[in-house]
1. If we count every other residue with Cβ under 14 angstrom of C:Asn301's Cβ, Lys/Arg +1 and Asp/Glu -1, where does the sum land?
2. Order these by the 10 Å Cβ neighbour count, fewest first: A:Asp249, C:Asp317.
3. Tell me, what ³J(HN,Hα) does each residue in the stretch B:5-16 have, in order and in whole Hz, if you take phi through Karplus 6.51 cos²θ - 1.76 cosθ + 1.60 with θ = phi - 60° and put x for Gly and Pro?
4. In sequence order, what are the phi-derived ³J(HN,Hα) couplings for the stretch B:236-250 according to the Karplus relation 6.51 cos²θ - 1.76 cosθ + 1.60 with θ = phi - 60°, rounded to whole Hz, with x for glycine and proline?
5. How much FRET efficiency would the formula 1/(1 + (r/R0)^6) give for C:Ala270 and C:Asp101, where r is the Cβ-Cβ distance and R0 is 25 Å, rounded to 0.05?
6. Quick check on the protein assembly as shown: helices-only [θ] at 222 nm, where DSSP H runs of length 4 and up contribute -39,500 (n - 2.57) each and the sum goes over total residues. Nearest 500, please.
7. So what's the convex hull volume per residue for the Cα atoms of chain B, in Å³?
8. Can you put C:Leu233, C:Leu365 in order of Cβ neighbours within 10 angstrom, beginning with the fewest?
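Here, each number is a calculation from the coordinates, and none is a lab measurement. These numbers were taken from a predicted model, which means no experiment stands behind them. We place every Cβ from the backbone using ideal geometry, glycine too, and count neighbours over all the protein chains shown.
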Amino acid sequence: MSADAHVPAGSGRTIGPLAGVAREPGVAKPDPVLVVDGLRRSFGGVTAVDVAHLEIQRGLITGLIGPNGAGKTTLFNLLTGFDTPDAGTWSFDGEPLGSTSAYAVARRGMVRTFQLTKALSRMTVLENLMLGGAGQAGERLSLALLAPAWRREEAALRERAEELLVRFKLDHMRDQFAGTLSGGQRKLLEMARALMVEPSLVMLDEPMAGVNPALTQSLLGHVKDLRDREGRTVVFVEHDMDVVFDISDWVVCLAEGRVIAEGPPESIGSDEAVIDAYLGASHGRDRPPRKRPPHERGTA
Amino acid sequence: MIETVVFDALRAAIGPTAAAYALLAIGLNIHFGYTGLLNFGQVGFMLVGGYGLAIPVAVYGQPLWVGLLSGLAAAVVLALLLGAPTLRLRADYLAITTIAAAEILRFLSRNSTSEDVTGGVYGLRQFAGEFYAVSPFPGDRYLGALAFSGNRMWAMTVGWGVAVLLSIAVHRLMRSPWGRVLRSIREDEDAARSLGKNVFLYKMQSLILGGVLGGIGGMVFVLSLQTIQPDMFLPQVTFFAFTMVILGGTATAVGPLAGTVLFWFLITGLQSGVRTVVESGVIPGVSAGQAVGATTLIVVGALLMALMVFRPQGILGDREELRLDVR
Amino acid sequence: MRDPSVTPARPRPDVRARLGAVIGLLAALLLPVAALAQSSETIAGRLSDGGEPVAGVLIVVTAEDGTPVGEVRSGADGAWELGLPGPGAYVVELDVASLPDGVTLRDPDRTTVAVNVFENARSAAVFALGEPVDQGPTFGRLLAQNAVNGLKFGLIIAMTAVGLSLIFGTTGLVNFAHGDLVTVGAFLTFFLNVTLGLRFLIAVPLAVLTSAAFSGGLDRFLWRPLRARQTGLIAMLVVSIGLGFVLRHLALLFFGGSRSSYGEYTLQTALEIGLVRLQPTEIVVMGLSLAILTGVGLLLNRTRLGKAMRAVADERDLAESSGIDVQRVILAVWILGGALTGIGGTFLGLIESVDYLMGFRLLLLMFAGVILGGLGSAYGAMVGGIVVGLVSEVSTVWFSSQIKYVWALLVLAVILLVRPQGILGRRERIG
């Protein structure tokens, strides 16, 4: 692996801070927002995640790749408090996060989306977004009946939600039930809803899966905006290598729960370990069989 | 003959017992309709509300307001006890635990060792005096052919008054941001969590609130009957209330009230009809009784099944919402 | 147990009509029989002195306003029951003169008992006779006897709970009608044995087969169409409650609200075995239950069908993609569950009695057992069921037997707090 960082012209990458960082698993980064140590989770004897050390650089887009069953979603679940690890610690913004409940993780500013979108079907698109607002006084039972106590806050929230709806081109559906949206629109809705929380770190689990190609570009644009316009950190899981190459500043490859390679997208595609992992996976070498949802495209 | 049936049905549909059930149903609607909690032990809240009121007054000679407060407190405590172990788990666990708890409470209040406090199977009386002392209905015959006694009139007025007021309050709560969080939990609690909502806390608040409504229902119930006995709180009470909620339409403000009135009208009409037919000697050599009761309960069961299969949104529910419920 | 004609479910246009027919049929069953039974409210009691039944005692019931209602004499088993004209307050009086010589009321002043009877209630009027019963047996005997009773009861819970757990595992449905399947099983035997007069040993296998077929029919004509319509699990759970309600009260309608016994094997002399006394039927019931549980264990462990059941329960998508006909496996699970509730209900009716609420009471204990062992695990249900039976019976060594189920349900609460996935269950993700 070569040590120099070459940035292809016109890709808009901001690899700058990571220019001098070695391309090896678990490498230290100059300004990590998320630091993971010794994280392990197994399901009935099968190790799903076993990450010795991993750092996520602040303000960049980090892509998380790996063959099916590599433990990407499990890693997301663990980091965001939706699952409990067997061992390990991790910290966000310098504060330890182990054994923090999922809701508290989100309040700290680390908000995730889901591989299978969770649109709140029988609530309107606008309600879906307004739910995202953090620290609402009207969400307290003691104040809920005192409309004057939260009316102004609610109006401000509505305004912010409307802006996001315009930005994500969902404004024409604001009063429809979210259950009526298409798959791609749900992805957009979920991303917009996550932004309502004003997170500093956004974790997107397969944001492009099942999305109509016509929408892909606009979704990609929105993800880049998170970094460029709003200065947020993004970690995303994706199977489509074109997407990964297009938007990530740094790529982490997982296989069988371990980090096997890290580096800028250009170097990761030629990494021996990565190629081995994907080839091994496609040959189904003693891997627990798992039903692949139709939208999961193979990338090897 | 038809007249008898209709009057019987009307009398039940607007009577104080129906008001008590309406309160139960409003509470269940908070749980099931808005939050997606499966509370199959609503009758347990009714029981602790009723005994919470009756015990301090009838056994320890406290004034009625102490009984009212202790009934409310008992419902809150029961909700905390039930919610703590189950609200972090799948919805089924709450269902199983609540139905079991309600039966435990009934067993315990029947138990002869608790006879000094609960009156055992004989139950308690003489706790409603203060309530009827302030009744503005001195006469003994109201509402013409419905022939409500003054006491019944008073219990009915208070019962329905409380039910309507509380259902307005619940409606406003559900339209607040707090209610929005509850509905998001019903739709997908992981989504709510991912947005920073303390799902456990909201579920607990919902359980407490709906349980307290059940407790108030229990108080109205025992005050109107002026007696309390363990076997007034059979598991079927909860299922009646469920049927009422679904009949009227879940997650609607008017649903529980409309469902309750309609349920009592239909069921009492059916009972009265069967009884009248049998007693009029059309079928010779048989008396009504058990058959009427059993028939009614079978119809309730079939009604619950049919509603759930064919019209889960109830008579007032939104068609579009129903379609989206398919998961 | 296998049905080759079954094909995977696909949505059908006539599903609505069929469901309607099933529900309509259930409802239509009532009206012709609506007039069969006697009045639904009764007052009952059982008189005994020092454990011996007291027969021939006159009990007089009057309404609160003094209107005479009727009188009845206690039977050979000391039991008496009187139908009432309707709900209301009644006064029950025991005619002291009719007491046999040497038998007296424990409290001589308490010759009357006031009873408030609610709609459809069977209210009890209790008259205590003679001196309080001695603590006869030694503690060791008491413990041993209760442990054996608990095992006996637990084996029955275990048998019936296996089906409940497997149904949950394969379909995700918590079947609230499962207890009433037990009732159906018990009454099928009762119907064949008592009403039709068949020999008990002929009635039982017929009842078990019918129960299995009935349960399979429920899956085929109710649950499968509902699954095909993609009805939500919560909706199905509520449907199962409605179904349980219908079954339970059909039993009430056809067989009445009182407890009854089978025609044979009821009056037996208990045998002394070591520290415990057991009737021969109880020994046979325990032996057969153990054999059946072992058989079910072998079925699940050794046969293709059993392995398929466990595979579907463990990982449904995986099972489906590896070529298992999931719908057929689910049907088999319902049939197996129905056979087991049929046997369990029959046994329970044999060692206790048959009544329309027997299954519903058992349901709560089945739930406790299933959660204790781990929702969805068949072996867990067996272990959990036995533990629940033991806990509730052994508790009577120290506590009132009126609240023996409370202890079993407390165990349930503790398990939920400490280890919600149960003894043998898999860890569930907890938010």
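1. On the way: positive: C:Arg302, C:Arg304, C:Lys307, C:Arg310; negative: C:Asp314.
Summing Lys and Arg as +1 and Asp and Glu as -1 gives +3.
2. Numbers: A:Asp249 23, C:Asp317 12.
Exposure proxy ranking, most exposed first: C:Asp317, A:Asp249.
3. Per-residue couplings from phi come out as 4, 5, 5, 4, 5, 5, 4, 6, 5, 10, x, x Hz.
4. 5, 4, 4, 6, 4, 4, 4, 4, 4, 4, 6, 4, x, x, 6
5. Working: r = 28 Å, r/R0 = 1.11.
Given R0 = 25 Å and the Cβ-Cβ separation, E is 0.35.
6. Numbers: 39 runs with 549 residues, N = 1058.
Taken over the protein assembly as shown, the calculation gives -17000 deg cm²/dmol.
7. Values: hull volume 47.3 nm³, N = 327.
Each residue corresponds to 145 Å³ of Cα convex hull volume.
8. Numbers: C:Leu233 17, C:Leu365 27.
Going from least to most buried by this count: C:Leu233, C:Leu365.
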